[in-house]
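Each remark here refers to the structure printed beneath this line.
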Amino acid sequence: MASVYFHVPFCKQACHYCNFHFSTSLKNKALLLKAMLSELELRKAELSESEQINSIYFGGGTPSLLSAIEIKMLIDTVKTNFALASEVEITLEMNPDDDRPNYLKELKKIGINRLSIGVQSFFDDELKLMNRAHDAKEAFLLLKKVKELFDNFSLDLIYGMPMSNLEKWEKNIELALSFEPNHISSYALTIEPKTVLSHQVKKQQVEVLDEEVVLAQFNFLMDRLEKEGYEHYELSSFGKPSFQSVNNCAYWSGKSYLGIGPSAHSFDGITRSWNISNNAEYVKGISTGKPFIERETLNEIDRYNEYLMTGLRTKKGVSLSHIEEKFGSRYKILLEKEAQNNIAAQMLYWDGDVLKVSRKAKFLVDGLASDLFILNN
């Protein structure tokens, strides 16, 4: 199985924490959509003919700025150029301020069967700090409508906000749960370089939240959602049984995915590629044949390190038998040795022959994984 991801590089305004590629001008939207349709056809050979598509994901950017007709064109082109599985999860990321008359019904009619709602917070002061385009009231109104129309929807929340605290975060979680989403994605706020938030922190206009509070928020997130029946299947992802994101699972299990649009990333198991992060140059590349994709072929060590990072972030963990089969006994022996210190510190543990991260160490998983990496010469 494989996935197709569309990066729709348009936003109404720039969120202060975001370093993703986007443009706040929609004047070349038609040209860019035409280029994305062409890219799909140009790159269809990059996925094996035997691989069926079981996920189509619209991210960005803000894909909910597209009309249902525009989204349908992209879906139809996938159907024309690829073999689809009997069940395909088709997800659209949507911001609360993008709702308009009949939009949700139109999305459902064209085949969108999962929505991911970018709530981030139910507090207006936090939304204002992030420079989100919506307010809490718009989030409440949209979620109420989504719950009535869609059987499968997710919402995003951000913890670690500068003006937050544990009590506020607990309220955010309870408000999210009141809408009974099938899935919740929750990310720690990161201060990305060259963002407004980074500038504000450097100028001491915004104070970063104490790390102990951030950890307490993460622990409450885990405890509360698991108590409510959500499975913590990946560091930032919680799903009710049978409602794990197909797109997320493909990414974290190393399956093939094809990324379409400016800055979109692709992976075929060995080669990673990414499109140019410039809308005009992307369109020009498609129309003239000028290269718009960079590629990197992962060597054996790269693929091993990648497996450690993605595996430890998930509930499945890292399997010794898989490592021995894919990389050889040398890697298996090395991992057993390198993991000993963190096992002794109760940060990692063995579940049969599968290495997993302990509950108390989940917040530190990226660092724990990198401790196990083999460095390329």
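If you go through segment 263-308 one residue at a time, how many are assigned to a helix (DSSP H, G or I) and of a type outside the set (S, T, Y)?
Selection size over segment 263-308: 14.
Suppose we keep only residues that are within 19 Å of the chain's Cα centre (by Cα) and of a type in the set (A, V, I, L, M) within segment 307-325. Which one would you say is surrounded by the fewest Cβ atoms within 10 Å (Cβ to Cβ)?
Residue satisfying both the conditions and the ranking: M309.
State all residues of segment 214-229 that are under 20 Å from T310 (Cα atoms) and assigned to a loop (DSSP other than H, G, I, E, B); if no residue qualifies, say none.
none
For residues that are among the hydrophobic types (A, V, I, L, M, F, W, C) and touching a Leu at 6+ places or on another chain (Cβ under 7 Å), tally how many sit in segment 165-202.
5
Does E192 meet the test of being touching a residue at least 40 places away in the same chain (Cβ under 8 Å), over 19 Å from F243 (Cα atoms), part of a loop (DSSP other than H, G, I, E, B) and in contact with a helix residue (DSSP H, G or I) (Cβ under 7 Å, 6 or more places away or on another chain)?
yes
Can you name the number of the only condition in (1) closer than 16 Å to R313 by Cα; (2) without any contact (Cβ under 8 Å) to a residue 60 or more places away in the chain that F373 fails?
(2)
With K34, K12 as the choices, which residue is of a type outside the set (V, I, T) and either farther than 30 Å from V201 by Cα or in contact with an Asp or Glu (Cβ under 6 Å, 6 or more places away or on another chain) (or both)?
K34
Could you list, in sequence order, the residues of segment 148-167 that are of a type in the set (A, V, I, L, M) and either buried (at least 20 other Cβ atoms within 10 Å of the Cβ) or modelled with pLDDT of 95 or more (or both)?
Answer for segment 148-167, where residues must be of a type in the set (A, V, I, L, M) and either buried (at least 20 other Cβ atoms within 10 Å of the Cβ) or modelled with pLDDT of 95 or more (or both): L149, L155, L157, I158, M161, L166.
Pick from E180, E170: which is at negative phi, charged (D, E, K, R) and surrounded by fewer than 20 Cβ atoms within 10 Å (Cβ to Cβ)?
E170
For the list (1) touching a helix residue (DSSP H, G or I) at 6+ places or on another chain (Cβ under 8 Å); (2) modelled with pLDDT of 95 or more, I need the number of the one condition that H7 fails.
The failed condition is (1).
Within segment 329-353, take every residue that is more than 25 Å from A216 (Cα to Cα), in contact (Cβ under 8 Å) with a residue 24 or more places away in the chain and in contact with a helix residue (DSSP H, G or I) (Cβ under 7 Å, 6 or more places away or on another chain) and give me the one that is surrounded by the fewest Cβ atoms within 10 Å (Cβ to Cβ).
D353
Quick grid of which residues meet (1) touching a residue at least 60 places away in the same chain (Cβ under 8 Å); (2) surrounded by fewer than 19 Cβ atoms within 10 Å (Cβ to Cβ); (3) of a type in the set (S, T, Y):
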residue: L32; (1), (2), (3): yes, no, no
residue: M36; (1), (2), (3): yes, no, no
residue: L42; (1), (2), (3): yes, yes, no
residue: L47; (1), (2), (3): yes, no, no
residue: N54; (1), (2), (3): yes, no, no
residue: G60; (1), (2), (3): no, no, no
residue: K72; (1), (2), (3): no, yes, no
residue: T77; (1), (2), (3): no, no, yes
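Among the helices (runs of 4 or more DSSP H) contained in segment 326-377, which hold 3 or more residues that are more than 20 Å from W252 (Cα to Cα) and at pLDDT 95 or above?
So the answer is 329-338, 340-344.
Quick grid of which residues meet (1) surrounded by 13 or more Cβ atoms within 10 Å (Cβ to Cβ); (2) in contact (Cβ under 8 Å) with a residue 60 or more places away in the chain; (3) in contact with a Leu (Cβ under 9 Å, 6 or more places away or on another chain); (4) aromatic (F, W, Y):
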{"position": "K284", "(1), (2), (3), (4)": "yes, no, no, no"}
{"position": "E294", "(1), (2), (3), (4)": "no, no, no, no"}
{"position": "N305", "(1), (2), (3), (4)": "yes, yes, yes, no"}
{"position": "F327", "(1), (2), (3), (4)": "yes, no, no, yes"}
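The values are calculated or read from the model by the stated rules, or taken from the named source; none is laboratory data. Keep in mind that what you see is a predicted model, and the values were worked out from it rather than measured. So basically every Cβ, Gly included, is an ideal-geometry build from the backbone, and we count neighbours across all protein chains shown.
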